[in-house]
Amino acid sequence: MFISQVKPSTSQSVIFNPDFFVERLRHEHPQAFADLVLSNITRLIDLPGEEFAQLIGESEAKLPSASGFLRSFNFLKRKDKGIVFGAPLTEEGIAQIYQLIEYLSKNLHVEGLFRVPGHSLRQAALREMLNAGADIDLETGDFHPNDAATLLKAYLGELPEPLLTHRHYQAHLKIAELTRFDDKGDKTNEPDKERQIEAFQLLFMLLPPANRSLLKLLLDLLYHTARNQHINKMSAINLATMFAPHIIWPKNVMASDLQGKIEQLNKGIAFLIRHSQKLFKAPTYIKEYTRLYFTGSKTLQSRDDSTLCSASKQELIPVVTAASPSPSVRTIRGEVSSSSSLKSPERASYTESALRELYQQVSTMPESAKKKKLIRQFDKQPLLTPSSDSRTPFSRKHWRSRSLGGMIKRKVLGSQVLREKENSRLPSPPPSGQLMAKEEKTPAVEE
């Protein structure tokens, strides 16, 4: 949040939330919000139909099944459910558990925090007080930080569903597999951290509000714990090893049931800890989309649909919009873009000029498979005849979201696409490019 003291007519501070329009869209138009986020997630990770259906809750999540004994006996402790331990996640429960988090944040110097267990009798007393809804003064010395740390892990382990949810389990595995591409367009073994952060930002926007709130509190605590690893000996990977079974492992499974994915899950949680200060911010293009949604824009796009190419994997680039209506363009509120009011000759001239400029930009790109592909697209569709096809060379559709992208676009566009297709022979001028800013850098936790 940013606080501005400069105002024309009042003496009180004005608080500006950069994600205001994002949250407004979430609450006022939840389906439009979900479609927007999902269309961008499927651009980043490959989710086949069944896995996509699991993510949006249309089918039951398929998880590793338990074999033999359960991995824990927490279910035995759920007979006497209070408002906290063993109960579904609620804001009231989070308020009680926050007392532990706040206390632990003042004791990050304790060596072996979250690894060394607390005293069983003190833990039992503390558990009972939390379940009773009591306000506890943990600074009196009656309890040790290890007591609070052990109870925090126990609380997470006793939730009916993992904090990161069963529905998102497959998505976490797919995000962990995102790697960079070399100059030839082939995948490498180097993780693509920027795309992973972006994918997690989107995925966390789909979490239930209570899960998202507690996850932010937890990751922030673990981030600062890892920042003090020179004192407490608890690095990000050590903390991930302690917490992964409680927040992402499917319930009632043993380590052997995860089919060798334990290391991948541990590394994924360590990544969340190290980059936690960036993960709860909406991507810049989502902020811009939602702002324009409420402030007068008529035609909006997903980032992939409106992006020609990546100038640098370290920087976000201007958005280039297709010159003619296509399934990539999202028209909201059933309104037609104001550009349609332009006369046809003026529109055609503007489009031709934009196409020439775009071709020059592609020509200056470094030699790569992506450049060759774009050049071939231009060769197939002459620059001066953009109306030859409703899809222009730079209205790119991501190859990995072919089927799922179509599903999302059909949901968002509805009948408007059909009306636009009838008029697709009349090209419209692209709006000016929008430059997306880099996310603010935050201190990194040591590997």
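The values are calculated or read from the model by the stated rules, or taken from the named source; none is laboratory data. None of these values were measured; they are calculated from a predicted model. Positions of Cβ are generated from backbone atoms using ideal geometry, with glycine treated the same way; all protein chains shown enter the neighbour counts. All accessible areas refer to the heavy atoms of the entire protein, side chains included, with ligands and DNA or RNA removed. Shrake-Rupley method; radii C 1.70, N 1.55, O 1.52, S 1.80 Å.
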Worksheet entry | Two-site FRET efficiency, residue 356 against residue 184, from Cβ-Cβ distance with R₀ of 35 Å, rounded to 0.05 | 0.80
Worksheet, complete the sentence: Note: residue 27 to residue 177 extended length (0.36 nm per residue) minus current alpha-carbon separation gives 50.8 nm
Discussion item. Rounded to the nearest 10 Å², what accessible area does residue 29 have for a 1.4 Å probe in the complete protein model?
Written reply: 70
Discussion item. Run the numbers for residue 19 and residue 92: contour at 0.36 nm per residue of separation, minus the present Cα-Cα distance, in nm.
Written reply: 23.8 nm
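Determine the gain in length on full extension of the stretch residue 224-residue 367; use 0.36 nm per residue of separation and subtract their C-alpha separation, reporting nm with one decimal.
Details: separation 143, 0.36 × 143 = 51.48 nm, distance 4.34 nm.
Stretched out fully, the residue 224 to residue 367 stretch lengthens by 47.1 nm.
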Practice prompt. Output the peptides 115-121, 237-243, 152-158 sorted from most to least packed, where packing is the average of other Cβ atoms within 10 Å over each peptide's residues.
Written response: 237-243, 152-158, 115-121
Worksheet item: Can you give the convex hull volume of the alpha carbon atoms of the range 165-213 per residue, in Å³?
Response: 74
Worksheet, complete the sentence: Of the listed pairs 261/281; 174/267; 187/373; 216/278, those with alpha carbons more than 20 Å apart are 261/281
Worksheet, complete the sentence: Note to self: C-alpha centroids of the range 18-53 and the range 215-292 sit apart, in Å, by 21
Item to complete: Calculate the radius of gyration of the Cα atoms of the range 171-299 to one decimal place, then report Dmax, the largest Cα-Cα distance, as a whole number, both in Å.
Response: 17.0, 54
Worksheet item: Which net charge results when you count Lys and Arg as +1 and Asp and Glu as -1 among the other residues whose beta-carbon is under 12 Å from that of residue 95?
Response: -4
Worksheet, complete the sentence: Taking placed amide H atoms and a strict 5 Å upper bound, the residues 5 or more places from residue 180 or on another chain that come that close are 188, 190, 192
